[in-house]
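Engineer: Have a look at this one before I ask anything.
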Amino acid sequence: MNIKTSFGFILPNTAGLQFLLIILLLIIKTFYDYRYIYLMLPFLIFLYLTGARTSQGLVLIAMIVFLALKISGIYTFIERHLVGIIMILFISTVVFSIVTVVMFNDGVMQTLINKLNTAMSGRLKLGATIMDNYGLTMFGQHIPYSLVDNTKVTWVKTSYLWLDNAYLKIIFNFGCIWLIVYLLAFRQLAKK
């Protein structure tokens, strides 16, 4: 069993997010001055000890992007097409979230989706459960989410129903229309 450390935060993932933000700020500072790279080492160790896989993956991606931006041709390309790149990444994560939930019980993709679900700690199954029970609507609906009471030693697994995917929450709770409005607002923000 992996031991995760929360460093005084409520959850290891919360600690991981804080260390991720600090590391991202240090990556930005290091882009202009390499002296800041040494400050990153303790935070990388702390992030590793939290076991927060998403934050660890994002740090890895940020470091790859940082190194790629040091190459002038890549830097120029990204600078010219930044809004398009951001929108492609944003829309692809939204589409991925929706497609994996819609196709969760599809026989053709079952093996791949089961592997993804395991890698994502059962999060796809939670989204698929909400999809099966409530479906997609144009204007959304109220979904009675339920979290596990951390004060109890044991709990019934079926009582846990929670989405930690913001895109799925938007589409289930506020509907397809609001998701489109959200995407358009995000595009305007990216342009600015």
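The values are calculated or read from the model by the stated rules, or taken from the named source; none is laboratory data. Just so you know, these numbers come straight off a predicted model, no measurement behind them. Glycine gets a Cβ as well: all are built from the backbone with ideal geometry, and neighbour counts include every protein chain shown. Remember, those area values only see protein heavy atoms, side chains included, never the ligands or the DNA or RNA. Shrake-Rupley method; radii C 1.70, N 1.55, O 1.52, S 1.80 Å.
Engineer: Among T5, T30, T14, which is the only one that is surrounded by 13 or more Cβ atoms within 10 Å (Cβ to Cβ) and part of a loop (DSSP other than H, G, I, E, B)?
Structural biologist: Among T5, T30, T14, only T5 is surrounded by 13 or more Cβ atoms within 10 Å (Cβ to Cβ) and part of a loop (DSSP other than H, G, I, E, B).
Engineer: Answer with yes or no whether Y48 is of a type in the set (F, W, Y) and surrounded by 11 or more Cβ atoms within 10 Å (Cβ to Cβ).
Structural biologist: yes
Engineer: Is it the case, given these coordinates, that V101 is of a type in the set (A, V, I, L, M, F, W, C) and not in a helix (DSSP H, G or I)? Explain how you work it out, then say what you get.
Structural biologist: Working: of a type in the set (A, V, I, L, M, F, W, C): yes; not in a helix (DSSP H, G or I): no.
In short, no.
Engineer: I'm trying to understand the selection: among the residues of region 49-85, which are among the aliphatic types (A, V, I, L, M), part of a helix (DSSP H, G or I) and touching a Lys or Arg at 6+ places or on another chain (Cβ under 9 Å)?
Structural biologist: L49, V83
Engineer: I would also like to ask the following. Scan region 137-155 and give yes if some residue there is within 27 Å of A190 (Cα to Cα), among the hydrophobic types (A, V, I, L, M, F, W, C) and either modelled with pLDDT of 85 or more or open to solvent by 90 Å² or more (accessible area, probe 1.4 Å) (or both), otherwise no.
Structural biologist: Yes - at least one qualifying residue is present in region 137-155.
Engineer: Something else about it: Please name all residue pairs, on different chains or six or more residues apart, with Cβ atoms under 8 Å, provided the first residue is in region 119-133 and is over 16 Å from K169 (Cβ atoms) and the second residue is surrounded by fewer than 18 Cβ atoms within 10 Å (Cβ to Cβ).
Structural biologist: D132/N105
Engineer: I want to confirm something. Restricting to region 83-102 and keeping residues that are open to solvent by 60 Å² or more (accessible area, probe 1.4 Å) and free of Cβ contacts under 8 Å to residues at least 24 places away in the same chain, which single residue is farthest from L44 (Cα to Cα)?
Structural biologist: Here the answer is V99.
Engineer: Then there is this: Can you run down the residue pairs with Cβ atoms below 9 Å, 6 or more apart or on separate chains, where the first is in region 20-47 and under 20 Å from T5 (Cα atoms) and the partner is open to solvent by 60 Å² or more (accessible area, probe 1.4 Å) and of a type in the set (S, T, Y)?
Structural biologist: L20/T54
Engineer: What is the number of the single condition among (1) at pLDDT below 85; (2) within 19 Å of the chain's Cα centre (by Cα) that T111 does not meet?
Structural biologist: (2)
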